[in-house]
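Below: one structure, written as structure tokens.
The values are calculated or read from the model by the stated rules, or taken from the named source; none is laboratory data. Not measured: the values here are computed from a predicted model. We place every Cβ from the backbone using ideal geometry, glycine too, and count neighbours over all the protein chains shown. Quick note on the areas: whole protein, heavy atoms, side chains included, nothing else; ligands and nucleic acids left out. Shrake-Rupley method; radii C 1.70, N 1.55, O 1.52, S 1.80 Å.
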Amino acid sequence: MRYLILLLICSITVSCSRSTYSDSSEITPLKPRVAGLYPKEFAKQRLQFDAACVLLRSMPDSVKPYTMLASVYMSEARVTGDHPYYYPAALRSIEAGLDRNPQSNELRMQKASVLLSLHRFEEARVLAVELCTQMPRVATVYGMACDANLELGRMDEAVQAATAMMNLRPGIESYSRVSYLRERHGDLEGALSAMKMAVQSGLPGTEDAAWARVTYGNLLVKAGNIQEAERQFTLARMEREDYAFAIAGLARIKHLHKDDDVALAMLDSAIQRVPEISFVELSLEIERKRKNAARVVALERLIDQMTREDRAAGMLAEVGAQ
């Protein structure tokens, strides 16, 4: 009997995953990841995706499946770098959920986050400020208000939001925002200190911890401490196996040491894992210095293609009063 029940559950999950794609515009299928890009994590993502599909069929008026789908899409965007595919998918799922319950705070928080990722900063700011008023004890909403205000050049509001977030929940997210604000104000030493605290607050192996360590490494490069920056990039690559941003950081170190053959090979490896435009831009910078005309043209075309894809996905570059 237990076997029959398990078989029935599996059958429901498979049929949901296959049929919902054609039955509902609210479902965007997951893309296969490139080989070796954290397959165990992806397996968990697929389980959550399939569970959301089952819920969507059995509870179409509930917001739960929409929050689950949006969470999966947002995570896949961060890990794979396929922002033009996954962030619009997340927004469609969020909007569908808000059609069922416009007052869902979870969906509204997800929406503010996605709007930031799409560079729709003014929309994100308005929503984040509303959430701060309605959820004054939730640190995350102040972080989103900080990000939106900072991108729009509203520095006083950004500082106020970051301070509120720090008072509510000191940790990797709040320390990293304080670091960026200090950097923007020209306080590189203070930025390094705050980002070091962010690194110490992270759980090794997680994406956010690896991101913090790489960001700390980039600040160290800016400060001229190349040896320590290389150590931080190496640790990030070890703690989160072959983390693409850590590989790119190490490639920048190789470039600074004038070992450009190795730097370009490492950048190619990073780009194969995550199609991040900054990796391509660094490759272009190196190839221009090498006067490799054919490669320069190819990289310029790739950057143009990636930029067009971002624009087509609705990733608008808003410019604030800097």
TODO: Enter the per residue convex hull volume of the range 44-151, computed from alpha-carbon coordinates, in Å³ rounded to the nearest integer.
DONE: 99 Å³
Open item on the list: What distance in nm lies between label points placed 7 Å from Cα along the C-beta direction at Met135 and Asp99?
Closed with: 2.3 nm
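Which net charge results when you count Lys and Arg as +1 and Asp and Glu as -1 among the other residues whose beta-carbon is under 14 Å from that of Pro204?
Neighbourhood net charge equals -1.
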Task: Additional length obtainable on full extension of the chain from Gln272 to Asn225, 0.36 nm per residue less Cα span - done: 14.1 nm
- [ ] Go ahead and run the numbers for FRET between Asp259 and Leu47, Cβ-Cβ distance against an R0 of 45 Å, rounding to 0.05.
- [x] 0.60
- [ ] Mind checking which lysines have their Cα closer than 21 Å to the Cα of Lys44? Skip sequence neighbours fewer than 8 apart in that chain.
- [x] Lys31, Lys64
Open item on the list: Distances longer than 25 Å among the Cα atoms of the range 108-243: what percent of all pairs is that?
Closed with: 28 percent
Task: Estimated distance in nm for a label pair at Glu285 and Met155, the labels positioned 7 Å out from Cα along Cα-to-Cβ - done: 2.4 nm
- [ ] Count charges around Val129 for me, please; just the other residues with Cβ under 13 Å from its Cβ, Lys/Arg as +1, Asp/Glu as -1.
- [x] -2
Task: Span-like helix ranges in the chain, DSSP H, alpha carbon extent 27 angstrom or more, Kyte mean at least -0.5 - done: 2-23, 39-58, 293-312
Task: Rg and Dmax of the range 163-322, Cα atoms only, in Å - done: 17.0, 53
Open item on the list: If you average the alpha carbon positions of the range 77-143 and of the range 234-279, how far apart do those two centres end up, in angstrom?
Closed with: 31 Å
- [ ] Check cross-link reach from Lys254 to the lysines: straight Cα distance under 25 Å, and skip same-chain residues fewer than eight apart.
- [x] Lys196, Lys222, Lys289, Lys291
Open item on the list: Given a 1.4 angstrom probe, what's the average accessible area per residue across the chain, in square angstrom?
Closed with: 52 Å²
- [ ] Write down the Å³ per residue value for the convex hull defined by the alpha carbon atoms of the chain.
- [x] 157 Å³
